[in-house]
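The values are calculated or read from the model by the stated rules, or taken from the named source; none is laboratory data. Only a predicted model underlies this, so the values are computations on that prediction, with no experimental measurement involved. Cβ coordinates were reconstructed from backbone atoms using ideal geometry, including for glycine residues, and neighbour counts include every protein chain displayed. Calculation scope for accessible area: heavy atoms of the full protein, side chains included, ligands and nucleic acids excluded. Shrake-Rupley method; radii C 1.70, N 1.55, O 1.52, S 1.80 Å.
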Amino acid sequence: MRLALDEAALAVRGGDVPVGAVVLSADGALLATGHNEREATGDPTAHAEILAIRRAAAKLGQWRLTGCTLVVTLEPCTMCAGAIVQSRVDRVVYGARDEKAGAAGSLWDVVRDRRLNHRPEVIGGVLEDACARLLTDFFRER
């Protein structure tokens with residue numbers, strides 16, 4: 001999670017909401033990183049999770065991220081939750097809950113919906129205070 005927090009800090013430099021993500025292989029090796037780049041790129045899909053998943057898939061040379069873990073500072077939204085399911089990530093670890101848009105247990109639970117063919121393990125609340133504080137400070141300054 002500390003690597004994801006470092007990524008989140010990079011988002012702030014580009015004027016983006018500080019969310020960071022990393023993808024780890026089954027053996028714990030770092031495959032890819034990402035941070036929000038919507039403002040920097042003008043791309044509404046440039047969420048930290050999406051970018052990290054794309055980069056991990058490119059590094060592995062395949063779209064299936066079986067055995068991988070996605071670590072993200074904020075609970076994924078519905079778009080990112082869909083990408084997590086589609087990419088077959090085995091585990092999602094997140095920091096702060098997102099009561100307004102969270103799709104891994106807060107508002108919705110897309111990633112564990114029994115109607116879908118893939119349901120990753122979800123672990124929430126990892127370094128939750130540090131993750132939440134980064135977001136709170138960002139929005140307070142705005």
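Please specify each residue of the range 124-136 satisfying the condition of being open to solvent by 60 Å² or more (accessible area, probe 1.4 Å) and more than 21 Å from Leu24 (Cα to Cα). Residues satisfying the conditions are Asp129, Arg133, Thr136.
So that you can scan it fast, the table gives a plain yes or no per residue for (1) closer than 23 Å to Phe138 by Cβ; (2) exposed (fewer than 13 other Cβ atoms within 10 Å of the Cβ); (3) touching a Gly at 6+ places or on another chain (Cβ under 6 Å):
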{"residue": "Leu3", "(1), (2), (3)": "yes, no, no"}
{"residue": "Asp6", "(1), (2), (3)": "yes, no, no"}
{"residue": "Val23", "(1), (2), (3)": "no, no, no"}
{"residue": "Asp27", "(1), (2), (3)": "no, yes, no"}
{"residue": "Thr33", "(1), (2), (3)": "yes, no, no"}
{"residue": "Thr41", "(1), (2), (3)": "yes, no, no"}
{"residue": "Gly61", "(1), (2), (3)": "no, yes, no"}
{"residue": "Cys68", "(1), (2), (3)": "no, no, no"}
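The single condition among (1) under 18 Å from Met1 (Cβ atoms); (2) buried (at least 22 other Cβ atoms within 10 Å of the Cβ) that Ile50 does not satisfy is (1).
It is to be established whether one or more residues within the range 58-77 are farther than 23 Å from Val12 by Cβ and of a type in the set (Phe, Trp, Tyr). Taking every residue of the range 58-77 in turn, at least one turns out to be farther than 23 Å from Val12 by Cβ and of a type in the set (Phe, Trp, Tyr).
Out of curiosity, is Val126 assigned to a loop (DSSP other than H, G, I, E, B), in contact with a Phe, Trp or Tyr (Cβ under 8 Å, 6 or more places away or on another chain) and in contact (Cβ under 8 Å) with a residue 40 or more places away in the chain?
Numbers: assigned to a loop (DSSP other than H, G, I, E, B): yes; in contact with a Phe, Trp or Tyr (Cβ under 8 Å, 6 or more places away or on another chain): yes; in contact (Cβ under 8 Å) with a residue 40 or more places away in the chain: yes.
The answer is yes for Val126.
Selection over the range 86-135 of residues that are touching a helix residue (DSSP H, G or I) at 6+ places or on another chain (Cβ under 7 Å), over 13 Å from Glu49 (Cβ atoms) and of a type in the set (Gly, Ala, Ser) gives a count of 2. Here the range 104-123 is the region considered, the condition is being assigned to a loop (DSSP other than H, G, I, E, B) and open to solvent by 70 Å² or more (accessible area, probe 1.4 Å), and the residue that is nearest to Thr69 (Cα to Cα) is Arg119.
Count of the range 75-101 residues, restricted to those that are open to solvent by 30 Å² or more (accessible area, probe 1.4 Å) and either under 17 Å from Ala32 (Cα atoms) or among the polar types (S, T, N, Q) (or both), is 5.
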